[in-house]
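The structure under discussion appears below in the form of structure tokens.
The values are calculated or read from the model by the stated rules, or taken from the named source; none is laboratory data. Note that the structure is predicted; figures quoted are calculated from it, not measured. In this analysis, Cβ positions are derived from the backbone assuming ideal geometry, glycine residues included, and neighbour counts consider all displayed protein chains. The protein model used for the area step is the full one, side chains on, heavy atoms only, and it has no ligands, DNA or RNA in it. Shrake-Rupley method; radii C 1.70, N 1.55, O 1.52, S 1.80 Å.
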Amino acid sequence: MVAGGSSKFKVYDGPPVTRVIVSKSQRKLFLMHGEKVLRWFRVGLGFVPEGDKLHAGDGRTPEGRYWIDRRNPNSNFHLSLGISYPNARDIAEARALGKEPGGDIFIHGRAGRNRGKGRDWTYGCIAVNDRSMEAIYAMVETGTEIYILP
């Protein structure tokens, strides 16, 4: 259960989230405990939503296996959880194209930033509404695996 008053910092006292799965095609983020879905949320993606991120500035959300590697309680996008992009494969793919892979990929809130921009508006991040981000932030710990699927 996620609880908390008007603060953006909620408390979660349920089963631990053992992994996060993002289905880009379904525009959904699933918080999992083993094989059980604890909660799911609608998401927005990069402004070029189809395909794997190839390099900085391409507007795509990466695909693959990563980890939640940092937490930002003071994000410009309400709250955010960092994703360990780029990995060695991502770096090699971008450099093979003569580009840099980019970075700073997060799950984050909206903080009013996508008004009028449509569902997929980030530069490669995974966006949810602020209330959903508060629950995700409370439930997901640093070190949790995240799988981003096409």
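Assorted remarks:
- Verdict on Ile107 being in contact (Cβ under 8 Å) with a residue 40 or more places away in the chain, touching a Cys at 6+ places or on another chain (Cβ under 9 Å) and under 22 Å from Ala135 (Cα atoms): yes
- Residue among Glu134, Glu100 that alone is open to solvent by 10 Å² or more (accessible area, probe 1.4 Å), acidic (Asp, Glu) and either under 22 Å from Ser7 (Cα atoms) or in contact with a strand residue (DSSP E or B) (Cβ under 7 Å, 6 or more places away or on another chain) (or both): Glu134
- Of the set (1) at pLDDT below 95; (2) within 20 Å of Trp40 (Cα to Cα), all apply to Gly112 but (2).
- Cβ-Cβ distances below 8 Å connect the following pairs, each with a first residue in the range 60-74 that is closer than 17 Å to Gly102 by Cβ and in contact (Cβ under 8 Å) with a residue 60 or more places away in the chain, a second residue that is among the acidic types (Asp, Glu) and in a loop (DSSP other than H, G, I, E, B), and a separation of six or more residues or different chains: Arg60/Glu50; Arg60/Asp52; Pro62/Asp52; Glu63/Asp52; Gly64/Asp52.
Here is a yes/no grid of residues against (1) of a type in the set (D, E, K, R); (2) modelled with pLDDT under 95; (3) over 14 Å from the mean Cα position of the chain (by Cα):
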| position | (1), (2), (3) |
| --- | --- |
| Pro15 | no, no, yes |
| Lys24 | yes, no, no |
| Arg27 | yes, no, no |
| Leu31 | no, no, no |
| Val43 | no, no, no |
| Leu54 | no, no, yes |
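- Qualifying residue in the range 27-41 (condition: touching an Asp or Glu at 6+ places or on another chain (Cβ under 7 Å), surrounded by 17 or more Cβ atoms within 10 Å (Cβ to Cβ) and at negative phi): no
The rows are residues; the columns are (1) open to solvent by 70 Å² or more (accessible area, probe 1.4 Å); (2) within 13 Å of Leu29 (Cα to Cα).
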site	(1), (2)
Trp67	yes, no
Arg70	yes, no
Pro73	no, no
Ile107	no, yes
Arg110	no, no
Arg119	yes, no
Glu141	yes, no
Thr144	no, no
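- Any chance Arg60 is within 18 Å of Asp90 (Cα to Cα) and open to solvent by 40 Å² or more (accessible area, probe 1.4 Å): yes
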